[in-house]
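*Asks:* Please see the structure below; I have some questions.
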Amino acid sequence: MKKTFFLRLFGGYALIVLALGILVLIFSHAFEKKFHLKTLVQGLEDLGTTIQPEVIRLYEGENFGQLDSYVKDLGEKINTRISVIDLKGKVVADSDSNPKEMENHRYRPEIIRAYSGKTGKSVRFSRTVKEKMLYIGIPLIINGEISGVLRLSLYFEEINLWFSNLRRNISLIVLSLIILSLFVSYVLSRNISKPIRKLREAAQKTASGEMNIQVLIKEKGELKELAESFNSMTERLSQLFDDLNAQKEQLMCILQTMEEGLVTLDNTGRIIFCNDRFKTIINNSSPEGQFYWEFIRISEFKTIFAKSKKERKTQIEEIVLDEKVFLCSANYLETRHEIVITFHEITTEKNLEKIKKDFVVNVSHELRTPLTSIKGYLETIEGLDETQKQYLDTAKRNTERLISIVKDLLLISEIESDEFKIKKQDVNIKDLLLRVIKIFKPSVEQKKLKLEIDLEKNMPEIKGDPFKLEQVFINLIDNAVKYTEEGTIRIQAKKTNSNIEISVKDTGIGIPEQDLPRIFERFYVVDKSRSKTVGGTGLGLSIVKHIIHLHKGTIKVESKPGQGTAFCISLPL
């Protein structure tokens, strides 16, 4: 059974009161017994001192009969046994018995001590009167010498009777105090526990959802202040819950009217919450409480769920459901151990992208033949003056630029195609880089640039397409040479863990910080006027990025205007 605060508090008080009462009884009885015995002994000593002169007078005159009559009369009056013993232990007078019939007392404890000149004391059983008694032995000194012993004694039965009366009185007093203390403890416990019980009941009602609870306590003090604080807290909680409910309704309204589908899954894949758009996507009106694979049976979604749960970071993946393309974004909620996934439909965008790609491919194919013909006819023209030759050179240069753009467009369209597969074989990165560097040695020497090559020895081979990788480094080194007027171009390659790291660094014009996120986009050119001068198409870095991704690698760029640019590539072994 659950103990209430009142029972615990009153039980604590009662335990303390009872413990103190028992301790008082134990110690008071022991103290009173010791004190009373001491008082009795002192009384007997005082009595002995009082009658000692008369006893000595009769004892010295050997009037033993008269002495025996004296102690009998006196013992009867004062209810005390009085005995006189000589130095040999013989009893010469006794108030309760015939001395002649009594045995020798020489070896009684109180007698032995009295013979030594000190007052003897003993509590023992008397073989003469067959009762337990308290004895006091006082030496009788005549002419400076011990001549006998005056012994006084009390019956222990009378002492015990007195002790019993005293204990009974003390016990009654202590019992009365215990009852009074328990009553006071009960009143105090009730006065303390009653407001606490009210607060507990109010707290339970508040926990169950009742916010309009007020606790009224009349007594002043900390409990009243606590009740007032509780009332203020419930008022504030009620206001906060109202605000929270309003925000929740607003959030639910927003989530339900979103164009994107939204679903919340637990760690097992069970659907906890979803909006109306998600229900439309999976064509089910009540998926809550069921597992996602009952409605979405594609491996891409399973992968994004598993990766988000394992890596606990945002995962983005394209999936196709019922011929519609969705961009799925999964986010792991650390505090709730749940995964929130949004479905953004990009079917229209993907179709437009496909149309644009097809258009670019078709236009590129259509342009390649006439541009090649134009270039051929331009190269056959002869017999022109200087001015006409300048016009012809300009036409040739722009034709070559158009042919380069068409080639790059065809290449990037090929790479981005779903059917495109790289032809993997063993590739020695060091040999590949040395072949590419030879291509650019004339242009490097022409611009008087410093070329530094740092290739680690005995680098392991990787699996890749050597022609596509060669194109990557041709693009990067070509850009470094084009955009560096003076300084150094440094090419470095080394093995790190399970990757090969290749970097191409230059001390050229650099790239502004705001342009760095976009340099891998198609046709994006940082400096359009300079790009026209050096012949850039804006497709080279886009091609580089696609080729690196096809090899499951990564590419990063760091640059500062006026200080140079560094491209860092990581390829898995």
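Computed from the coordinates by the stated procedures, all read-outs in this text should not be read as laboratory data. Remember, predicted model here, so these are calculated numbers, not experimental data. Because the Cβ atoms are built from the backbone with ideal geometry, glycine has one as well, and the counts that use them run over all protein chains shown.
*Asks:* Distance cut-off 31 Å, Cα to Cα: go down the list LYS375/LYS424; LYS307/LYS495; LYS350/LYS407; LYS375/LYS463; LYS356/LYS448 and report the pairs above it. Intermediate values should be presented prior to the final figure.
*Replies:* Numbers: LYS375/LYS424 35 Å; LYS307/LYS495 28 Å; LYS350/LYS407 24 Å; LYS375/LYS463 38 Å; LYS356/LYS448 43 Å.
Those over the limit are LYS375/LYS424; LYS375/LYS463; LYS356/LYS448.
*Asks:* Using Cβ counts within 10 Å as a stand-in for footprinting exposure, how do GLU228, GLU323 rank, fewest first?
*Replies:* GLU323, GLU228
*Asks:* Could you check the spin-label model distance between THR50 and ARG297? Points 7 Å from the Cα along Cα→Cβ, value in nm.
*Replies:* Output for this residue pair reads 12.0 nm.
*Asks:* Now for a different question. Assuming 0.36 nm per residue, please report the length gained on full extension of the stretch GLU76 to SER232 beyond their Cα-Cα distance. Show your work: numbers first, answer last.
*Replies:* Numbers: separation 156, 0.36 × 156 = 56.16 nm, distance 8.43 nm.
Between GLU76 and SER232, full extension yields 47.7 nm more.
*Asks:* Further question: Starting from the Cα-Cα distance between ASN98 and GLU513, subtract it from 0.36 nm times their residue separation and give me the gain in nm to one decimal. Before the final figure, lay out the partial values.
*Replies:* Details: separation 415, 0.36 × 415 = 149.40 nm, distance 13.24 nm.
That works out to 136.2 nm of additional length.
*Asks:* Would you kindly state how much longer the chain becomes between LYS375 and LYS495 on full extension, computed as 0.36 nm times their sequence separation minus their alpha carbon distance, in nm to one decimal? Mind showing how you got there, number by number?
*Replies:* On the way: separation 120, 0.36 × 120 = 43.20 nm, distance 4.50 nm.
38.7 nm is the gain from fully extending LYS375 to LYS495.
*Asks:* Right, here's the next one. Run the quick spin-label model on THR335 and TYR186: label points 7 Å from Cα toward the beta carbon, then report their separation in nm to one decimal.
*Replies:* 5.2 nm
*Asks:* Further question: Would you compute the Debye intensity of the range 425-572 from its alpha-carbon atoms alone, equal scatterers and no solvent, and pass along log10 I(q)/I(0) at q = 0.12, 0.20 Å⁻¹ to two decimals?
*Replies:* With one equal scatterer per Cα and no solvent, log10 I(q)/I(0) is -0.47, -1.35.
*Asks:* Test of understanding: ordering THR484, THR380 by Cβ neighbours within 10 Å, fewest first, what list do you get? Spell out each step's value before the answer.
*Replies:* Numbers: THR484 21, THR380 6.
Sorted ascending by nearby Cβ count, the order is THR380, THR484.
*Asks:* Let me ask something else about it. Among LEU476, VAL427, THR507, flag the residue with its Cα farthest along the positive direction of the charge dipole of the range 425-572, charges on Cβ as +1 for Lys/Arg and -1 for Asp/Glu.
*Replies:* Positive-end residue among those listed: LEU476.
*Asks:* Take the Cβ-Cβ distance between LEU240 and ASP266 as r, set R0 to 30 Å, and report the resulting FRET efficiency rounded to the nearest 0.05. List each step's numbers first, then the result.
*Replies:* Values: r = 27 Å, r/R0 = 0.91.
Efficiency for this residue pair is about 0.65.
*Asks:* Can you sort VAL84, VAL427 by how many other beta carbons sit within 10 Å, fewest first?
*Replies:* Working: VAL84 25, VAL427 21.
Fewest-to-most Cβ neighbours within 10 Å comes out as VAL427, VAL84.
*Asks:* Considering lysine pairs in the range 167-303 that are 8 or more places apart or on different chains, how many have Cα atoms under 26 Å apart?
*Replies:* Close lysine pairs under the 26 Å cut-off: 13.
*Asks:* Next up: So for the pair GLU318, ASN63, with labels modelled 7 Å out along Cα→Cβ, what separation do we get in nm?
*Replies:* 14.5 nm
*Asks:* Okay, moving on. Report the FRET efficiency, 1/(1 + (r/R0)^6), for GLU452 and LYS424, where r is their Cβ-Cβ distance and R0 is 35 Å, rounded to 0.05.
*Replies:* 0.70
*Asks:* Sticking with this structure for a sec: With no solvent and one point on each alpha carbon, what is the Debye value of log10 I(q)/I(0) for the range 222-340 at q = 0.10, 0.18 Å⁻¹?
*Replies:* The calculated log intensity ratios at q = 0.10, 0.18 Å⁻¹ are -0.43, -0.95.
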